[in-house]
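> Pasting a structure here, questions to come.
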Amino acid sequence: MKEYILENISQKIIPWLYTHGLKIVLIIVGAFIIHKFLFASIKKAIRKRADSKLSGKKDLKREKTLFKIFSTTLQTGIWIFAVLMIFQEIGIEIGPLLAATGILGLALGFGGQHLVRDLISGIFIILEDEYRVGDMVCIDGVNGVVEDMTMRITILRDLDGAVHYIPHGGIKKVSNFSKGFSRINLDLNISYDSDIEKAISVVNQVGQDLAKDDKWSSFIIKAPQFLRVDNFTGTGITLKVLGEVKPLKQWDVAGEFRKRLKIAFDKNGIKFK
């Protein structure tokens, strides 16, 4: 029995290892090399072309988004091809397998229209640069930060920590809160007996002081300033205040601005309504 096993090893297994086994090793090694080489090439190409259209500076979020999507697609293609080659080496005919896959694909095609729509919509979202990984967006009423993107879905995480998986084909409307710059848009309601000129002066001064503060100046593009008297209500006057800040910093800056404005209004006898 021992001799029979040794004979099989020497006559069948060892020759197979020197031929098909060696080829399988070379296929795996080759797939790793191609994987690394193409990944490096894609990363280099994306870095050259991922400049921001708005600022002319390197856009790291766009670079990250494009690299993740293209690298995932490439990785899947390389290893599917490598696995098919390995199947052929171990004696599994890939012709019938490919034929069965084609028939399965045809069958799924009738019920996979949504999948095709998701993929096509995903391509246009990427090409049109509608949003990237790290952006704060609202997609069909769902607010959150883009944690990940594939060709088929976008993954959002909202402020409560919930994760939302949104197929691209179902997206009707996208609002991006962090593309290029973000805006502070405040409506300040003050009482009718307040000195409106004084209130405007205080608003502008608080905005300028905030923009000069070392802690906040790097976030502010244009200091929050009075724009217009926006409305008269049953209880008071509405002042419109606008400012421009770095992406995703509008909430932090607006919160600090409100805090300082409340202190300044109290000192100057201006009442909110």
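The values are calculated or read from the model by the stated rules, or taken from the named source; none is laboratory data. Note that the structure is a prediction, hence the values are computed from the model and not measured. Cβ atoms come from the backbone with ideal geometry, glycine included; neighbour counts cover every protein chain shown.
> State which residue is farthest from Arg117 (Cα to Cα) when the search covers only the stretch 130-162 and only residues that are touching a Lys or Arg at 6+ places or on another chain (Cβ under 6 Å) and of a type in the set (Val, Ile, Thr).
It comes out as Val145.
> Taking the condition of being touching a Phe, Trp or Tyr at 6+ places or on another chain (Cβ under 8 Å) and not in a loop (DSSP other than H, G, I, E, B), how many residues in the stretch 232-273 meet it?
Adding up the residues that qualify gives 16.
> Between a first residue in the stretch 240-262 that is of a type in the set (Phe, Trp, Tyr) and modelled with pLDDT of 95 or more and a second residue that is in a helix (DSSP H, G or I) and surrounded by 15 or more Cβ atoms within 10 Å (Cβ to Cβ), which pairs have beta carbons less than 6 Å apart while being 6 or more apart in sequence or on different chains?
Phe257/Leu210
> Output the residues belonging to the stretch 217-231 that are in a strand (DSSP E or B) and either closer than 21 Å to Ser175 by Cβ or not acidic (Asp, Glu) (or both).
Ile220, Ile221, Lys222, Ala223, Pro224, Gln225, Phe226, Leu227, Arg228, Val229, Asn231, listed by residue number.
> Looking at the stretch 151-175, I want the residues that are among the hydroxyl-bearing types (Ser, Thr, Tyr) and at pLDDT 90 or above and have a partner that is in a strand (DSSP E or B) and surrounded by fewer than 16 Cβ atoms within 10 Å (Cβ to Cβ) with Cβ atoms under 7 Å, at least 6 apart or on another chain. Which pairs are those?
Ser175/Cys138
> Hey, another quick one. What do you reckon, is Lys36 of a type outside the set (Asp, Glu), touching a helix residue (DSSP H, G or I) at 6+ places or on another chain (Cβ under 7 Å) and modelled with pLDDT of 75 or more?
The answer is no for Lys36.
> Additional query: Is it fair to say Lys179 is in a loop (DSSP other than H, G, I, E, B) and either modelled with pLDDT of 90 or more or in contact with a Cys (Cβ under 6 Å, 6 or more places away or on another chain) (or both)?
No: the conditions fail for Lys179.
> Test Ile190 against the criterion of being touching a strand residue (DSSP E or B) at 6+ places or on another chain (Cβ under 8 Å) and not assigned by TED's automatic domain parsing to the domain that holds Thr76, and give yes or no.
So Ile190 fits the description; yes.
> Turning to a different aspect of this structure: Scan the stretch 153-172 residue by residue and report those that are in contact with a Gly (Cβ under 6 Å, 6 or more places away or on another chain) and in a loop (DSSP other than H, G, I, E, B).
Once the filter is applied, which keeps residues that are in contact with a Gly (Cβ under 6 Å, 6 or more places away or on another chain) and in a loop (DSSP other than H, G, I, E, B), the stretch 153-172 yields only Asp158.
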